Every structure is written in C-alpha cells, then in structure tokens.
Amino acid sequence: MLLGKEKNGFPAWHHAAFFGKLEGLKTLWSLAKEVELKLDELLLAESKLGQTALHMAAQNNHIEILEKLWAWTDVWQLNTNALKKKFLQAKDKNWYTVWHQAACCGK
C-alpha cells in the first residue's frame, strides 16, 4: 500500500516530496515503520521514470524535504554509508542523479 503507484507511476511518498508536504512525508514514514516496511525500500522507491523522492524534492527546491530524507538514511541500521551512496547516486531513466535534477532546475 505505501509503495503502491498511481496511474503515472508515482507512489504517495513521491507526491509528498514533489509538493513539499513535509507533514505528509513524516506520516508516511511513521506508517512504514509501523508496518515494518524495509525503510531502505521506501527511501529508494522509484517512479516509472526511475526517480526517487529525493529527485522530486531536488527538482522543486524543497530543502526541508531533502534534509529530512537525508536524516532518515541514518535510521537504516545495516549499512548507512551504502544506503547514502545509493541514495545520492540513484539515476532516473534519463540517467539523472538528484544532483542533475537540482542543477537543471536552477535550484
């Protein structure tokens, strides 16, 4: 349910990041923890275009969302550095990383 996608391939998680809805993102995070969803799967969830929530936040200059998503990478206890590396280097279908999204959108 938390990773279910709408017709354009975006989960609710991505919508919250795209529109800068920090409280919504926090609620989804809490629900994911409550149902024991693998939190790395949530952080690395992709849209049809291969974009993560981090891409969505960077594209729209939602700094608080970016900071919160980054802080949540520390919650994943298995290998935080590996997750952070995957998180920051994730590429969408156009091979854009979150860094490209931020640069292309002038943010």
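As a calculated quantity, the FRET efficiency between THR27 and LYS91 at R0 = 35 Å, using C-beta atoms, amounts to about 0.80. Once label points are set 7 Å from the Cα along Cα→Cβ at both ALA71 and PHE19, what is their separation, rounded to one decimal in nm? Modelled inter-label distance: 2.2 nm.
Extending 7 Å from Cα along the Cβ direction at LYS5 and again at GLU34 yields two label points whose distance is 2.6 nm.
Every number in this text was worked out from the coordinates using simple rules, so none of it is lab data. Keep in mind that what you see is a predicted model, and the values were worked out from it rather than measured. For neighbour counting, all protein chains shown are included, and Cβ atoms are generated from backbone atoms with ideal geometry for every residue, glycine included.
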